[in-house]
Amino acid sequence: MIRLLLVDDHPVVRAGLRAVLSATDDLDVRGEAATAAEAVRIAERGDIDLVLMDLRLGEDDGVTATRTIRALPDPPHVLILTTFESGAHILRAVRAGATGYLLKDADPDTLVRAIRSAAAGETVLASPVASQLVAHMRQPAAALTARELEIVQRLDRGDTNREIAGALTISEATVKSHLVHMFSKLGVNSRTKVVAEARRCGLL
């Protein structure tokens, strides 16, 4: 039996999902949540195998909720179920720990199969989502190294080169070298534009 948590800020959507999923013998809807905080609180109980997570939860962000849930001890898997399919949305969700990404126009049989696969830890991506992700990964920003991404995060905080060097235990010259490489990869010429491009691509 796969124990499910439905997370969507629209009661009608949750009701429709519950009706479809409750009719399947091996699926058990254990809870519903309309906000990120509610989703995390229910997931913390430890009796959920899979969370069906929307990306837009009113003022909340489903990606943040996903990241928090996946950081729990023995966390449930998270399957994103949403209407958004841009490369940036998909990449953010995957980076947050989502096992799969499905669109809300999926038919019930496809949804049930995806739930079973995601609950088993298998990666599930709807065809248009997979295409968007591949296209997004081909963008220059996706080619940034782990160290460069750390520097981008520091830039976003407003850190100086000296502060970045101290935080990452590298020299200021190394920071400058990384910045030059990032400018080239992203086709920009300033620290501010590096951050803007990283945001556009969903890396922040």
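The values are calculated or read from the model by the stated rules, or taken from the named source; none is laboratory data. What you see is a predicted model, and the numbers here were worked out from it, not measured in a lab. Every residue, glycine among them, receives a Cβ derived from its backbone with ideal geometry; neighbour counts consider all protein chains shown. Accessible surface areas use protein heavy atoms only, side chains included; no ligands, DNA or RNA. Shrake-Rupley method; radii C 1.70, N 1.55, O 1.52, S 1.80 Å.
Worth pointing out:
- Note on Glu172 and Arg41: with the Förster distance fixed at 45 Å, the Cβ-Cβ geometry gives a FRET efficiency of about 0.55.
- Burial order of peptide ranges 191-197, 14-20, 47-53 (average beta-carbon count within 10 Å, highest first): 47-53, 191-197, 14-20
- Proximal lysines to Lys193, defined as alpha-carbon separation beneath 16 angstrom and excluding residues fewer than eight positions away on the same chain: Lys176, Lys185
- Computed on protein heavy atoms with a 1.4 Å probe, the accessible areas place Thr169, Thr68 in the order Thr169, Thr68, largest first.
- Applying 1/(1 + (r/R0)^6) with R0 = 30 Å to the Cβ-Cβ distance of Arg147 and Arg200 gives a FRET efficiency near 0.90.
- Phi angles of segment 171-179 translate, via the Karplus equation with coefficients 6.51, -1.76, 1.60 and θ = phi - 60°, into HN-Hα couplings of 7, 5, 4, 5, 4, 4, 4, 4, 4 Hz per residue; Gly and Pro are given as x.
- Placing pseudo-labels 7 Å out from each Cα toward the beta carbon at Asp28 and Met1 gives an inter-label distance of 0.2 nm.
- Net charge over other residues, Cβ less than 14 angstrom from the Cβ of Glu197 (K, R count +1; D, E count -1): +3
- For the chain, the longest principal axis of the alpha carbon atoms and the long axis of helix 108-119 meet at an angle near 60°.
- Between Leu125 and Tyr101, the built amide H atoms are under 5 Å apart, and every one of these is 5 or more places off in sequence or on another chain.
- With all pairs of separate Cα atoms included, segment 162-204 yields a Kirkwood hydrodynamic radius of 10.9 Å.
- Estimated from helical segments only, the mean residue ellipticity of the chain at 222 nm is -15500 deg cm²/dmol, where each DSSP H run of four or more residues counts as -39500 (n - 2.57).
- Estimated inter-spin distance, Arg116 and Lys193, nm [label 7 Å along Cα→Cβ]: 5.2 nm
- Charge sum, other residues only, whose C-beta stays under 11 Å from Ile2's C-beta, Lys/Arg counted +1 and Asp/Glu -1: -1
- The Cα atoms of the chain define a convex hull whose projected area, averaged across directions, is 12.0 nm².
- Solvent-accessible area assigned to carbon and sulfur over segment 1-121 amounts to 50 percent, based on a 1.4 Å probe.
- Average accessible area per residue (Å²) across the chain - probe 1.4 Å, nucleic acids and ligands excluded: 50 Å²
- Cut-off under 5 Å, modelled amide H: who pairs with Ile2 long-range: Leu27, Asp28
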